[in-house]
Amino acid sequence: MISEKGYKFKVLFVCMGNICRSPTAEGIFRHKITQRKLSDIIFVDSCGTHDYHHGQQPDKRSQEAALKRGIDLSSQRSRVINRSDFSKFNLILAMDEMNFSQIESMMNHKDKEKLLLFLDFSKQAEWTEVPDPYYGKTNGFELVLDLLDEASDGLLDYIEEKIMISEE
């Protein structure tokens with residue numbers, strides 16, 4: 001993992017095993033950060049609430065679906081969330097309510113304002129949680145990519161506004 005020091009804003013994406021949704025969110029978001037020339041300002045990482053796949057690459061199906069869109073996830077490795085993440089990151093974004101609750105139970109009161117559902121940044125209203133594609137069919141990975149891509153735009157707009165406000 002690259003050091004998060006020196007960045008103005010730090011985002012952590014979290015799902016259960018850190019092999020499908022959160023590494024895909026990290027990859028998409030990193031791609032968008034690069035496109036907007038914000039790589040020196042925004043740091044992004046992902047992790048899981050469980051250590052089922054610690055040290056493993058993202059699921060091959062996630063990698064294949066992302067690569068079709070020009071996003072390479074192969075360098076990422078799964079890790080589990082830890083309490084030090086709560087002080088390091090400005091935002092901790094859970095993919096679903098179950099992981100949100102698990103993370104929230106680990107946090108102290110002052111850090112809870114950093115925790116949100118990722119799709120809170122989405123303009124679409126049909127989905128409030130990113131569905132877990134792990135046990136589903138291949139098209140589930142495409143749906144996840146669509147949801148994460150759209151929410152990433154909203155998140156970047158939010159962060160850019162926060163950074164501009166803090167610089168005034």
Hey, residue 89 in contact with a helix residue (DSSP H, G or I) (Cβ under 8 Å, 6 or more places away or on another chain), surrounded by 19 or more Cβ atoms within 10 Å (Cβ to Cβ) and more than 17 Å from residue 16 (Cα to Cα) or not: yes
Every pair of residues 6+ apart whose Cβ atoms lie under 7 Å, when the first sits in region 50-62 and is within 13 Å of residue 77 (Cβ to Cβ) while the second is modelled with pLDDT under 95 and of a type in the set (Ser, Thr, Tyr): 59/134
So residue 19, is it touching a residue at least 60 places away in the same chain (Cβ under 8 Å) and either exposed (fewer than 14 other Cβ atoms within 10 Å of the Cβ) or more than 21 Å from residue 150 (Cα to Cα) (or both): no
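Output the residues belonging to region 117-136 that are in a loop (DSSP other than H, G, I, E, B) and either surrounded by 19 or more Cβ atoms within 10 Å (Cβ to Cβ) or acidic (Asp, Glu) (or both).
Scanning region 117-136 gives 122, 126, 129, 130, 132, 133.
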Single residue of 4, 97, 104, 113 found to be within 30 Å of residue 138 (Cβ to Cβ) and either acidic (Asp, Glu) or touching a Lys or Arg at 6+ places or on another chain (Cβ under 7 Å) (or both): 97
Considering residues of region 137-168 that are of a type in the set (Ser, Thr, Tyr) and within 26 Å of residue 35 (Cα to Cα) only, the residue surrounded by the fewest Cβ atoms within 10 Å (Cβ to Cβ): 166
Some residue of region 137-153 being in a helix (DSSP H, G or I), closer than 18 Å to residue 31 by Cβ and among the small types (Gly, Ala, Ser): yes
Selection within region 27-43 - surrounded by fewer than 24 Cβ atoms within 10 Å (Cβ to Cβ), free of Cβ contacts under 8 Å to residues at least 60 places away in the same chain and at negative phi: 30, 31, 34, 35, 39, 40, 43
Residue 145 being free of Cβ contacts under 8 Å to residues at least 60 places away in the same chain, over 23 Å from residue 7 (Cβ atoms) and among the hydrophobic types (A, V, I, L, M, F, W, C): no
Residues within region 80-105 that are touching a residue at least 60 places away in the same chain (Cβ under 8 Å) and small (Gly, Ala, Ser), tallied: 1
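The values are calculated or read from the model by the stated rules, or taken from the named source; none is laboratory data. Everything numeric in this text was worked out from a predicted model, so none of it was measured. Methodologically, a virtual Cβ is constructed for each residue, glycine included, from the backbone with ideal geometry; neighbour enumeration extends over all protein chains shown.
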